[in-house]
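Report on the following structure.
The values are calculated or read from the model by the stated rules, or taken from the named source; none is laboratory data. Please read all numbers here as calculations on a predicted model, not as lab measurements. Here the Cβ positions follow ideal geometry from the backbone for every residue, glycine too, while neighbour counts run over all protein chains shown. In case anyone asks, the SASA skips ligands and DNA or RNA and just uses the protein heavy atoms, side chains included. Shrake-Rupley method; radii C 1.70, N 1.55, O 1.52, S 1.80 Å.
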Amino acid sequence: MPTSSSAPGDNPGLIDSPRIRQGGRDVLSLALMDASNHTLHLLTQFQQALPGAALQVPFLPTVNPPVWEVGHLAWFQERWIGRNLLRHLGDQCDPRGTLLPSIEASADRWWDSSQVAHASRWQLDLPDVTACRQYLLQTLESTLELLERAEETDAGLYFYRLCLFHEDMHAEALVNAMQTLGLSLDRPLLKAFSPPPVAAREALLVPACRWQLGSAAGAPGFIFDNEAGVQEVQVPEFEIDAQPVSWAQFVEFVDDGGYDRPELWSPGGWQWLQDISRLEGRRGPRYVEQIGVASGAVMQTRFGQPQRMQGTQPAMHMSWWEAEAWFCWAGRRLPFEVEWDIAAHTAARRGFRWGDVWEWTGSMFAPYPGFKPGPYVDYSQPWFGTHKVLRGGSFATRARMKSPKYRNFYRPERDDVFCGFRSCSL
């Protein structure tokens, strides 16, 4: 079994780096504390924006109650580490193994996301925010104690790494929720959670090659189950944008009547557009209050406050359908997942910039050959064939999550996340 490349505590730069996938006990301990601190800081933002200890929010299909999110994070960590007698087996752990009791008697009834339907989470008799915060801290304390005695191998550290990344994902989901609900952030976070302007660079020509997607069995470090397996693809030469499509580029599409021309949209995309127009009263990108065709100005509501977006910032909160329509109009196309993967791995020194917004690809979310679900069975397998792949990361994604191998996935109508797109030549 491969050993972890131990990351001692005197190397703090690994704490928020993708290299933590191979991090050892010391740096994982610091990273888990860092993730918890970030979660609790975001929870404080909700407490400042919402009245009452229950932090009640309206039911929305893309949002969870904040106290449910925090309790679920604690439950997940306790379920896979503190209660899991087979945690030392890593990704070979049988998820049906016997669990120890939780320190919270109703934990499974409240926070098991595989059993608790999304719509029912608003009707649960959840504890208040103080109790959920305490549950998270108690679980973290137990996790850190067990981590001290964990075997320093990829199997021995698998669940600690999984729980770290799981918390990072939910932290970004909390930020998404604050944007969706129009809740304010403190000034440092508001500054941090804004996409930077990016100087336009010439598109990059990537030569033909044979490329290997995924990771081979036995590769060192942590691997998400949907990254495992190897798929070799012969890829012809292609041209890809050096950065995501900007607001200045997208305004031209709006100016040319892009939202009123059915010939630019696929049947599924046009139906989506009619639905949001009827249900939400908008005919344009999500959260955009105004697109100034003459001036090129875009006013987009950011955490409850209208903000003028710069033309060189990446266009954001775009559904896959909107990306598809823009490409039809522009005579371009979405990159396939393998093309994005090649560019991220080989063209960074030539100016391929990623990580500012999640980027839709033209690929359906599907397993690599030989896929086997990990112990957390519901992570990938239920979503194959219905979701599209996004790559990269956003300004709200922790840096340690931004591995060029990481595969995000959403249904094509999702535009609440911090997502955009880049283009390839036809």
| query | Looking at (1) over 13 Å from the mean Cα position of the chain (by Cα); (2) over 20 Å from Arg286 (Cβ atoms); (3) at pLDDT 95 or above; (4) not polar (S, T, N, Q), can you tell me which one Phe421 breaks? | reply | (2)
| message | Anything in segment 189-203 that is surrounded by fewer than 17 Cβ atoms within 10 Å (Cβ to Cβ) and over 23 Å from the mean Cα position of the chain (by Cα)? List them, or say none. | response | Ala199, Ala200, Arg201, Glu202
| said: Which residue is surrounded by the fewest Cβ atoms within 10 Å (Cβ to Cβ), if the candidates are limited to segment 89-104 and must be in contact (Cβ under 8 Å) with a residue 40 or more places away in the chain and closer than 18 Å to Tyr160 by Cβ? | reply: Gln92
| Where a residue in segment 341-366 is on the phi < 0 side of the Ramachandran plot and in contact (Cβ under 8 Å) with a residue 24 or more places away in the chain and its partner, wherever it lies, is buried (at least 23 other Cβ atoms within 10 Å of the Cβ) and part of a helix (DSSP H, G or I), with Cβ under 7 Å and at least six apart | Phe352/Ala343; Glu359/Trp340; Trp360/Trp320; Trp360/Ala323; Thr361/Trp340
| said: Tally up the residues in segment 237-272 that are open to solvent by less than 30 Å² (accessible area, probe 1.4 Å) and in a helix (DSSP H, G or I), please. | reply: 9
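Quick one: which of Pro51, Pro58, Pro66 is at pLDDT below 95 and farther than 20 Å from Arg400 by Cβ?
Numbers: Pro58 fails: at pLDDT below 95; Pro66 fails: at pLDDT below 95.
Among Pro51, Pro58, Pro66, only Pro51 is at pLDDT below 95 and farther than 20 Å from Arg400 by Cβ.
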| message | What are the pairs with Cβ atoms under 6 angstrom where one residue, in segment 126-154, is of a type in the set (Phe, Trp, Tyr) and the other, located anywhere, is open to solvent by 30 Å² or more (accessible area, probe 1.4 Å)? Sequence gap at least six, or different chains. | response | Tyr135/Glu104
| Residue in segment 105-128 that is farthest from Leu144 (Cα to Cα), counting only those that are of a type in the set (A, V, I, L, M, F, W, C) and loosely packed, with under 10 Cβ neighbours inside 10 Å | Ala119
| Residues being more than 23 Å from Gly331 (Cα to Cα) and surrounded by 12 or more Cβ atoms within 10 Å (Cβ to Cβ) - total across segment 273-289 | 8
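Of all residues in segment 331-340, which are charged (D, E, K, R) and either at positive phi or open to solvent by 40 Å² or more (accessible area, probe 1.4 Å) (or both)?
Of all residues in segment 331-340, those charged (D, E, K, R) come to 332-333, 337, 339.
Once the filter is applied, which keeps residues that are charged (D, E, K, R) and either at positive phi or open to solvent by 40 Å² or more (accessible area, probe 1.4 Å) (or both), segment 331-340 yields Arg332, Arg333.
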| Residue within segment 307-329 that is hydrophobic (A, V, I, L, M, F, W, C), on the phi < 0 side of the Ramachandran plot, at pLDDT 95 or above and surrounded by fewer than 20 Cβ atoms within 10 Å (Cβ to Cβ) present | yes
| said: What's the total number of residues in segment 384-404 that are under 11 Å from Asp16 (Cα atoms) and part of a loop (DSSP other than H, G, I, E, B)? | reply: 3
| Answer residue from segment 35-66, given it is open to solvent by 10 Å² or more (accessible area, probe 1.4 Å) and among the β-branched types (Val, Ile, Thr) and is nearest to Tyr379 (Cα to Cα) among those | Thr62
| Out of all the residues in segment 351-384, which are open to solvent by less than 50 Å² (accessible area, probe 1.4 Å) and either over 21 Å from Ile223 (Cβ atoms) or polar (S, T, N, Q) (or both)? | Gly351, Phe352, Asp356, Val357, Glu359, Trp360, Thr361, Gly362, Ser363, Ser380
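Suppose the filter is more than 23 Å from Phe365 (Cα to Cα) and either surrounded by fewer than 21 Cβ atoms within 10 Å (Cβ to Cβ) or more than 18 Å from the chain's Cα centre (by Cα) (or both); does Ala216 pass it?
Values: more than 23 Å from Phe365 (Cα to Cα): no; either surrounded by fewer than 21 Cβ atoms within 10 Å (Cβ to Cβ) or more than 18 Å from the chain's Cα centre (by Cα) (or both): yes.
Taking the combined requirement at face value, the residue does not satisfy it.
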| field | Filter result (closer than 15 Å to Pro244 by Cβ, outside any loop (DSSP other than H, G, I, E, B) and of a type in the set (Val, Ile, Thr)) within segment 309-343 | value | none
| query | So how many residues does segment 385-426 have that are open to solvent by 10 Å² or more (accessible area, probe 1.4 Å) and within 24 Å of Glu237 (Cβ to Cβ)? | reply | 4
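Just a yes or no: is a residue in segment 144-154 surrounded by fewer than 17 Cβ atoms within 10 Å (Cβ to Cβ), in contact with a Ser or Thr (Cβ under 6 Å, 6 or more places away or on another chain) and not in a helix (DSSP H, G or I)?
Let us first name the residues in segment 144-154 that are surrounded by fewer than 17 Cβ atoms within 10 Å (Cβ to Cβ), namely 145-146, 148-149, 151-153.
Filter once more, keeping what is in contact with a Ser or Thr (Cβ under 6 Å, 6 or more places away or on another chain): 152-153.
Subsequent filtering for residues that are not in a helix (DSSP H, G or I) retains 152-153.
Yes, segment 144-154 contains a residue that is surrounded by fewer than 17 Cβ atoms within 10 Å (Cβ to Cβ), in contact with a Ser or Thr (Cβ under 6 Å, 6 or more places away or on another chain) and not in a helix (DSSP H, G or I).
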